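Visitor: Below you will find the structure I want to go over with you.
The values are calculated or read from the model by the stated rules, or taken from the named source; none is laboratory data. Bear in mind that the values here come from a model prediction, so they are computed numbers and not experimental data. Positions of Cβ are generated from backbone atoms using ideal geometry, with glycine treated the same way; all protein chains shown enter the neighbour counts. All accessible areas refer to the heavy atoms of the entire protein, side chains included, with ligands and DNA or RNA removed. Shrake-Rupley method; radii C 1.70, N 1.55, O 1.52, S 1.80 Å.
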Amino acid sequence: MTKKIILLAVCSLLLAPCSAVAAQQSKKIPRIGYISANDPATESTFFEAIRLALRERGYIEGQNIASEYRYGERKVDRAPELAAELVRLKVDIIVVTAGGSWIRAVKNAAKTIPIVMVGRGIDPVEGGLVKSLASPGGNVTGITNLSREPGGKRLELLKEAVPKLARVAVFFDPANLASVRDVREVLPVAARALRLTLQAWEIRAADDFEKVFAALNKQRPDGLYVLPSGPLVFTNQKRIADFALKSRLPSIYFSRDAVEAGGLMFYGADQADGYQRVAYFVDRILKGVRPADLPVEQPTKFEFVINLKTAKQIGLSIPPHVLARADKVIR
């Protein structure tokens with residue numbers, strides 16, 4: 001009897017590691033799906049920021065977390081297709097780094113999968129993505145870059161960079177409610193304080209760009225302000241930047257991408273900071289908190305970028321005190 005007990009004890013000890021390994025192997029590793037409206041090169045820095053932030057919280061790629069990446073290459077019509085791919089893969093969370101139309105497409109495809117947005121230039125409440133910032137109420141939460149602070153500040157920085165600035169052309173998409181509000185409420189207040197005249201130009205379709213460019217070449221404003229708008233403006237940032245460069249027109253944008261593509265200046269939410277904050281939402285959701293109970297956050301950190309190479313090409317000398325305020329200078 002004693003021998004049998006000893007034998008059973010030895011077998012239990014030998015089988016215990018095997019059981020632990022089997023349990024570990026059977027344990028499902030959470031999968032995070034990422035959807036970007038951009039290309040891999042543009043998003044690499046920011047996705048790396050998310051990976052590092054997740055690592056700080058104990059999530060290591062390939063060990064206790066796995067990732068799936070999908071890129072739209074600036075083609076809005078690919079959003080539903082990419083979202084459907086991640087749904088078929090049964091990812092646990094989808095992180096969307098794009099504008100409202102992309103987030104909406106993902107929400108339509110992923111009815112129950114938690115979605116963490118890094119929204120660009122959209123009011124998620126007005127856009128119907130969440131019930132309120134404090135209580136999202138559905139499967140979408142995350143970060144919105146929507147904030148009234150950058151609006152007037154961009155005009156102020158453009159005026160400081162171009163002291164003789166008097167007339168500013170403003171590009172906006174009337175389908176974007178946040179941009180319409182900026183044009184009607186935010187920018188006029190800042191313009192009056194700076195003694196600037198605004199000329200608002202609606203961009204409703206891709207064909208409008210050439211018409212507006214032709215009109216601006218005749219009117220010759222002193223500067224160009226590009227508002228955060230829908231996918232139409234976002235996907236044509238390079239085109240707008242090229243026009244401003246060719247027309248020797250000082251310009252300021254809502255997106256850092258536009259400045260890296262040749263635009264003059266960018267002021268807005270610090271994207272790297274926002275992407276790092278994504279890790280907080282992913283962590284909380286993986287630990288069982290519902291997206292409906294995680295308040296949507298607004299930016300608290302902003303950055304100012306100047307493309308000095310562009311300034312030289314358009315014959316603009318940026319005042320030293322303005323350069324000194326820049327977080328990054330592209331030379």
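Visitor: Can you sort Val106, Val87 by solvent-accessible area, 1.4 Å probe, largest first?
Guide: The ranking, largest first, comes out as Val87, Val106.
Visitor: I'd like to check one number: the per residue accessible area of the chain, probe 1.4 Å, reported in Å² as a whole number.
Guide: Heavy-atom SASA per residue in the chain reads 48 Å².
Visitor: Run the numbers on the chain and let me know its relative contact order in percent, using alpha-carbon pairs under 8 Å that are six or more apart. Provide the component values of the computation, followed by the final result.
Guide: Numbers: 606 pairs, mean separation 57.8, N = 331.
Normalised by residue count, the contact order of the chain is 17 percent.
Visitor: Using r as the Cβ-Cβ distance of Arg88 and Ala66, and R0 as 22 Å, what FRET efficiency do you calculate, to the nearest 0.05?
Guide: Efficiency computed from Cβ-Cβ geometry: 0.90.
Visitor: Please report the relative contact order for the range 206-301, taking Cα pairs under 8 Å with a sequence separation of at least 6, and give it as a percent rounded to a whole number.
Guide: 20
Visitor: Computed from the coordinates I sent, percent of Cα pairs over 39 Å apart equals one of (i) 17; (ii) 8; (iii) 23. Tell me the label.
Guide: (iii)
Visitor: Which of the lysines could a cross-linker bridge to Lys301, judged by Cα under 17 Å and excluding same-chain residues fewer than eight apart?
Guide: Counting by Cα, and skipping residues close in sequence, Lys301 has these lysines nearby: Lys153, Lys328.
Visitor: Would you give the gap between the C-alpha center of the range 48-81 and the C-alpha center of the range 114-143, rounded to a whole Å?
Guide: Cα centroid to Cα centroid, the span is 19 Å.
Visitor: Right, another one. Which far-off residues, 5 or more places away or on another chain, put their amide H under 5 Å from the one on Phe302, with H placed in the peptide plane?
Guide: Those lying under 5 Å, H to H, from Phe302 are Asp270.
Visitor: Related question: Please identify, among Ala269, Ala193, Ala311, the residue showing maximal mean-square fluctuation in a Gaussian network model of the chain using a 10 angstrom Cα cutoff.
Guide: Looking only at Ala269, Ala193, Ala311, the largest GNM fluctuation is found for Ala193.
Visitor: While we're on this one: Which value, in debye to the nearest 20, gives the size of the charge dipole of the chain about its Cα centre, when Lys and Arg are +1 and Asp and Glu are -1 at the Cβ?
Guide: Once rounded to the nearest 20, the dipole reads 260 debye.
Visitor: Using a Gaussian network for the chain with springs between C-alpha atoms less than 10 Å apart, which of these wobbles most: Lys218, Lys107, Lys164?
Guide: Lys218
Visitor: Something else: Whose amide H sits under 5 Å from the amide H of Gly72, counting only residues 5 or more places off or on another chain, with H placed in the peptide plane?
Guide: Amide H to amide H, under 5 Å and 5 or more residues apart or across chains, Gly72 pairs with Ser36, Ala37, Asn38.
Visitor: Next question. Of the residues Val118, Val296, Val186, which exhibits the maximal mean-square fluctuation in a Gaussian network model of the chain defined by a 10 Å Cα contact cut-off?
Guide: Judging by the Gaussian network model, the answer is Val186.
Visitor: Same structure, new question: So what's the back-of-envelope 222 nm ellipticity for the chain, counting only DSSP H runs of four-plus at -39500 (n - 2.57) apiece and dividing by all residues, rounded to 500?
Guide: Working: 14 runs with 147 residues, N = 331.
Calculated at 222 nm, the ellipticity per residue is -13000 deg cm²/dmol.
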